[in-house]
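The block underneath contains the structure these notes are about, expressed in structure tokens.
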Amino acid sequence: MRWTWQIGRVAGINLYLHYSFLILVGYFFFVDLSRGRDAWFFVWDLFLLAAAFSIVVLHELGHALMARRYGISTRHITLLPIGGVAQLSHLPDDPLEEMAVAFAGPAVNLFLAVLMGIPTLLLYPLHQLLVPAFVYENLLAVLAIMNLLLGLFNLIPAFPMDGGRILRALLATRMKSLPATRAAVYLGRVMAVLVGILGIFIDPILILVAVFVWIAGGREYEQVSQRERSAGIMVEDLMERRFVVLSPSDSVSAAAELIERFGQGVIPVVVEKRRLVGLISETDVQNL
């Protein structure tokens, strides 16, 4: 894949890291430098960043393995600064299956949050866990909070995030896929605006998330719309049945004239009993 590094393979699925991940490294370096922190803080931040993306991988594997149960393969998982994307071969047609696949990712995070949160609460008093500096330096507490926040954040009904997909699946049980997607995208864009505004005051990364939700939601709506329009249409319904042909002995100028007259971008070249021997395209003629 372009602009990515392959960093591993899990459960038969290739893992890729996008180059834009370096933005996060630079962001943490800038924050630590601006606050006068020493190198230890930067190393710790990088470690926490690696831990966060390991959690994201588990989240995406939740989607991928649930999709595999329904016979849907995952081409790859790509890690981006705003999270991860599991590229499924196709989306489930059954709304309930789509709901299960969408919920599987947050479910992994919520399970890990409970798994790590219980010993954290048993080991430390609550008043210590309310102190950000203490939590920041306590790995178990940090991992529990990371999983909790990631799980809850992805359940926000902002399509195409997991919560938005769950909403679309619920709507699709009562209406057709296209209007269900349209409603989910509309609500997702409202949520994107709100998240973007929060990002101005809280964290610029939220602005990136908002932009992703806005653009990706629109693209997926177009894909669903195109699929709906093409449903039931066969190739023979669209193919051209009347077209001009050339023979190998015809001149290139004749080919250019036919292309201009009939607007046929590609002309078959045939011999004898209309046996196809080649093709000549408008690009071939123009490149002479």
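The values are calculated or read from the model by the stated rules, or taken from the named source; none is laboratory data. All values reported here derive from a predicted model rather than from experimental measurement. Here the Cβ is made from the backbone with ideal geometry for all residues, glycine too, and neighbour counts use every protein chain on show. Surface accessibility is based on the protein's heavy atoms, side chains included, excluding ligands, DNA and RNA. Shrake-Rupley method; radii C 1.70, N 1.55, O 1.52, S 1.80 Å.
Computed values, structure above
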{"item": "Selection count, region 93-137, where residues are modelled with pLDDT of 90 or more and farther than 18 Å from L152 by Cβ", "result": "9"}
{"item": "Filtered residues of region 136-170 (kept if without any contact (Cβ under 8 Å) to a residue 40 or more places away in the chain, in contact with a helix residue (DSSP H, G or I) (Cβ under 6 Å, 6 or more places away or on another chain) and open to solvent by 20 Å² or more (accessible area, probe 1.4 Å))", "result": "L140, L148, I156, P157, L167"}
{"item": "Residues within region 58-102 that are of a type in the set (D, E) and either on the phi > 0 side of the Ramachandran plot or touching a helix residue (DSSP H, G or I) at 6+ places or on another chain (Cβ under 6 Å) (or both), tallied", "result": "1"}
{"item": "Count of residues meeting criterion [open to solvent by less than 40 Å² (accessible area, probe 1.4 Å) and either out of contact with any Leu (no Cβ under 6 Å at 6 or more places or on another chain) or closer than 30 Å to A183 by Cβ (or both)] in region 221-246", "result": "3"}
{"item": "Scan of region 187-220 for residues that are of a type in the set (V, I, T) and surrounded by fewer than 19 Cβ atoms within 10 Å (Cβ to Cβ), ordered by number", "result": "V190, V193, I197, I200, I202, I205, I207, V211, I215"}
{"item": "Failed item, numbered, when V277 is tested on (1) within 30 Å of P160 (Cα to Cα); (2) open to solvent by 60 Å² or more (accessible area, probe 1.4 Å); (3) of a type in the set (A, V, I, L, M)", "result": "(1)"}
{"item": "Any helices (runs of 4 or more DSSP H) falling wholly within region 9-128 and containing at least 2 residues that are touching a residue at least 60 places away in the same chain (Cβ under 8 Å), within 18 Å of the chain's Cα centre (by Cα) and buried (at least 19 other Cβ atoms within 10 Å of the Cβ)", "result": "39-69, 95-123"}
{"item": "Residue that is least open to solvent (accessible area, probe 1.4 Å), among those in region 171-186 that are in a helix (DSSP H, G or I) and out of contact with any helix residue (DSSP H, G or I) (no Cβ under 7 Å at 6 or more places or on another chain)", "result": "P179"}
